[in-house]
Structures are given as C-alpha cells and as structure tokens.
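For reference, the structure discussed in these notes is given below.
Rule-based calculations on the coordinates, nothing more; no lab input. Note that the structure is predicted; figures quoted are calculated from it, not measured. All Cβ positions, glycine included, derive from the backbone under ideal geometry; neighbour counts span all protein chains shown.
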Amino acid sequence: MTEPLKTTVLISGGGSNLQALIDARDSGRLNVDITHVISNVADAGGLDRAERAGISSSVLPHGDFDSRDAFDRALALLIAASAPDLVVLAGFMRIIGAPVLEPFQGRLINLHPSLLPLYRGTETYRRAIESGDRQHGASIHFVTAQLDGGPVISQVTIPIETQDSPDTLAARLSPEEHALIVATVELFTRHRVECADDVVLVDGLTLVQPLQLQADGRLDP
Ligand code: GRF
C-alpha cells in the first residue's frame, strides 16, 4: 500500500463533510492521514468531530486580523506546518487569496453546493429554486483566485422537487456531498488527478466534463 495522503481539512461549520472523510478513513476506503483541521470559527461543530477522531485542530478567527492578506498569511503558515499533500475546503466560508493559493496551487480543492459554473457564491439552493431549475447539485473544484471558479473535478446532481425549499434541497444534497467528497479524495489518494494550466487531468488525460458521481459511489466521466 502507498503512503496515506496527508490531508488538511478547512472548515467553518458543522463538519459533516469532514466526518464523511473520517468515516471513510476509518472504514479503510480512504488511504488518508487527516493530519490537521483548521477552522476560522471558534465554535464550529467540526472541531468536536476532529477531537473525537483524535485529529489535531487549530482555530484561526478571521476577525483577529487587520486585513484579509494578514489572515491569509497566517493561514498559509498554519497549513504549511502540517505539510499536506492535499488541502480540502469542506464548508470553509472564507475567500482565500494569493498567500494561500500560491504555495498550495494544485493541492487545494473546494466543495461548493451548486452545479458550477452555475451559482457561484452563497444561497445557491434558493437561487436554483427561484430560477426554476429542474436540478441542483454540488461540485468539487481546484481553488483558484476566482471565487468558485477553478477547474471542476467532479459533480453530483439531484432533482429539484416542486415542493422543495432551500432547506429541504440542502438536506437532500448533503449526503450526496458526503459521497462526492469521499469519491473525489479517493482519486487523489490514488494519484489519479492533477491540475495543469487550469485544466483537470485524470489519469493523465484532459477532463472535458466534470466526473459525475454514480449511484454506486463511483466517479465516471
Ligand atoms: C456544505 O453544504 C458545503 O457544500 C457548503 O457548506 C456545507 C458544509 O457542511 N459549502 P459541513 O460543515 O461539512 O457539515
């Protein structure tokens, strides 16, 4: 077996996606070493999940910094201290800039609750419902300077039901996000995915469309 992929997870909230990664690690599906969890929110529920799983964590409150740049520089140092192969933004609700992007280029991925390029930013569920969309979903993309605009690796799609509210849609999407994040990180553990010149390569081949999560939990082109 190859070395576990050293993975740092950034969170701001409940950390259910972090939990999905922990569970997949514990079941043996994911060959990851979740070396550190970083939250910008002191009472994020995900910090308890990290503690229960025996994973070290840090809190870096963005309000403690005079500028976005100062926060980013401190965050970059903290990430570097855990020497990750991969950095997963799993519900991390801060925009990150050059001090983080540059040293970790190609190793930063973000989970976003929409079918990118649709609905970058916040309130994606409400926006999708109000637009009359028939389907919604989640995407995992490499992080670049463009908000939710980096090359997309993988997606999961679910139908929007006529009676859906933003809350019911988010609740139905959540378990699918968990499956998506596990399947996508699994690709990284197998060293099957990389980013070159803003293009995603899977097994060395350019990805034309994002990989789609299948019912069996696998990702197919
Ligand atoms: C997820 O729905 C993710 O798409 C969004 O924030 C949520 C994080 O949930 N960006 P959790 O903290 O992993 O439970």
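Of note:
- Note on residue 43/residue 102: beta-carbon distance plugged into 1/(1 + (r/R0)^6) with R0 of 25 Å gives a FRET efficiency of 0.25.
- Pairwise FRET efficiency - residue 3 versus residue 220, Cβ, R0 = 22 Å, nearest 0.05: 0.25
- Taking every alpha-carbon pair under 8 Å whose residues sit at least 6 apart, the chain reaches a relative contact order of 18 percent.
- Highest average packing first - 165-178, 109-122, Cβ atoms within 10 Å: 109-122, 165-178
- Pairwise label distance in nanometres, residue 23 with residue 77, each label 7 Å out on the Cα-Cβ vector: 3.7
- Value of [θ]222 nm, deg cm²/dmol, for the chain, DSSP H segments ≥ 4, -39500 (n - 2.57) each, nearest 500: -9500 deg cm²/dmol
- Rotationally averaged projected area of the chain (alpha carbon convex hull; nm²): 12.1
- Entry note, region 1-74: relative contact order of 31 percent, from Cα contacts under 8 Å with a spacing of 6+ residues.
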